[in-house]
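The values are calculated or read from the model by the stated rules, or taken from the named source; none is laboratory data. As the structure is a computational prediction, the values presented were derived from the model and not from experiment. Every residue, glycine among them, receives a Cβ derived from its backbone with ideal geometry; neighbour counts consider all protein chains shown.
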Amino acid sequence: MHAMNVTQTGKKTMMIKRSALLFLVCIINLQPATGQVLKSKKGHVKYISQDSYYVDLGSGDDLGIGDTLNVTRNGRSVGRLAVQHIAESSAACILLNSSRSIQANDVVQVWVRNKQVKQQVSTSKMEPSSKFKKSAVAGNKRRRKRKKKTNNVSGNIGLQGIMFQDKTGRGSNYNQFGLRSRFKIKQVMGTPFEFRFRSRSRTHDRETTFNPLISGNDWTHSVYELSFLYAVDSSPYELGFGRVLSNKIRGLGYIDGGLFSYKMADNWSIGLAGGSEPRLSTSSFKANKHKFGLFANYEIEHKLSSTIAFSGSYNNSDISREFIYLQNNYLLGRKFSIYQTVEVDLNRGWKGATGNSVQLTNLFVNARYSPIKPLSLNVSYDRRKLVRVFESRSIPDSLFDETARQGLRAGFSLNLPYRTRLFGNFGLRFRSGDLSSTTSVTGGFSARQVFNTNISVSSRVAYFSTMFSEGIRPTLQLRIPILRKFSTNFGAGGYVYKIGQQTTTNYYLDGSAYFRLHRLLYFNAGTRLFIDKELESNRLFLEMGATF
């Protein structure tokens, strides 16, 4: 009897220990619900391909497929990305929406669950029994198996509406409604081919048109991509046909035709593309316009990418433009990167207005250096200008020279304590002759998790001085997340221009809200209200869509 009591006592003690352990695990797992579950992760857009935006955040940063990243530049929001594919230290994202084009080195920010919670469980000295561990492992395996099921269809589709109400009496009321879609289907009907489609349709309703060539009511339907692509990881060949855009042969643009590439070795690949020039505004093509290009690429993943390409466009039998394109992108971890592009025009068959058969047309160089973790410096040189094609050969060369955007730009970004960041940029555009150079200066700050909340605030002031005018533009933005998938933004700003002795001021208020439901459906709305009599108006933007 005594032994039986001892045995029962031991069993009770074991049950109490297991219960306490289970209670502790539950408490640890429930800890994120107390308000400490989320933390902000910040990275950058590394580079942009034809279909994806690559960022330097990954699963090691607690990022997950379907997470939404806010993209900012100089403290201002420029768009949102959604994670589609993920690795340990990088992720490939698709575009959800944007107010301007997203560029390399733009800042990305996402709210993720705190990794420390996982570490507390894994480093705990108290371990469950073997039966409990087997059950947990089996459950994790089942969950992992379910996660491996992926859909061959991915992309996004959205209905958009823009309503502009003019309150100045000029009669400039304007409505625009449209549908944008972007998706791809892998392994179409069990084949190794991938189908890609990207389009945008819009209808316009204008109260007044100031240009007789513009209709008050019209409909535009643009198909940017409609192609079949053969791209298998184990195959050195890549083949595509339809309406395609080559990400290697820059300057060739969209073509209605095909492309082919061959990976000769681990790092080398060559390819070519050709076809007719599409009319993106009507979805038709120009039968008399043809394009051709070929390239060679050398790439070391996440470190170096170099491409040299030849591109040519032709108007029937006449040469429109032929040029050599060279691009280099070098990354040394997160400390240093340099990006360079240059184009050399070959005026074969004609020497152009300058009398040169070989002419350096476009040059752009950008370098980023981070001497210490909180500080990032960047400098760029820009000598891009308009290029000559068949239709513009007879235009005097001085008109092209005046549009040259030669100049220097430098900037910095400094992360300070309390999740605060300072940034600044200085730009100088050189003008020829007696024309004065254009100067621009931008500075501001941003702060995240203000007063230990998820609220973020940013402010910037931009100044410019051109040959004709000068001005200043202050802005203030406040972001208030209500829930993890529901956020609101409020802002204010203004324009102050001075031309000669006349000064014009315009101020506005704006607000927006973004809501995401089950990582599939989303709703986006925004409004901007100009409060000055000269531009008194209200602009409303609505979008509802799905990401799959």
Does Leu226 meet the test of being buried (at least 16 other Cβ atoms within 10 Å of the Cβ), over 19 Å from Arg321 (Cα atoms) and modelled with pLDDT of 80 or more?
yes
Among residues of segment 469-513 being in contact (Cβ under 8 Å) with a residue 40 or more places away in the chain and not basic (Lys, Arg), the residue nearest to Thr453 (Cα to Cα) is Pro481
Selection from segment 170-191 of residues over 22 Å from Asn156 (Cα atoms) and either among the aromatic types (Phe, Trp, Tyr) or in contact (Cβ under 8 Å) with a residue 24 or more places away in the chain (or both) yields Arg170, Gly171, Ser172, Asn173, Tyr174, Asn175
For strands (runs of 3 or more DSSP E) lying entirely in segment 279-348, having 1 or more residues that are under 26 Å from Val45 (Cβ atoms) and of a type in the set (Val, Ile, Thr) picks out 284-300, 304-315, 336-346
Exception for Asp266 within (1) over 29 Å from Ser313 (Cβ atoms); (2) buried (at least 16 other Cβ atoms within 10 Å of the Cβ) falls at (2)
From the option list Gly545, Gly511, Gly526, single residue qualifying as over 24 Å from Gly424 (Cβ atoms), small (Gly, Ala, Ser) and surrounded by fewer than 16 Cβ atoms within 10 Å (Cβ to Cβ) is Gly511
Cys93 vs (1) modelled with pLDDT of 85 or more; (2) more than 21 Å from Leu520 (Cβ to Cβ); (3) not aliphatic (A, V, I, L, M): all pass except (2)
Using the structure shown, decide if Val441 is modelled with pLDDT of 65 or more, assigned to a loop (DSSP other than H, G, I, E, B), more than 30 Å from Ile482 (Cα to Cα) and of a type in the set (A, V, I, L, M).
no
Within segment 400-438, restricting to residues that are part of a loop (DSSP other than H, G, I, E, B) and of a type in the set (Gly, Ala, Ser), the one that is modelled with the highest pLDDT is Ser437
Going through segment 370-399 in order, the residues found to be modelled with pLDDT under 70 and either of a type in the set (D, E, K, R) or not in a loop (DSSP other than H, G, I, E, B) (or both) are Arg388, Phe390, Glu391, Ser392, Arg393, Asp397, Ser398, Leu399
Asn316 vs (1) modelled with pLDDT of 90 or more; (2) surrounded by fewer than 17 Cβ atoms within 10 Å (Cβ to Cβ): all pass except (1)
When you look at Gly242, is it free of Cβ contacts under 8 Å to residues at least 60 places away in the same chain and at positive phi, yes or no?
yes
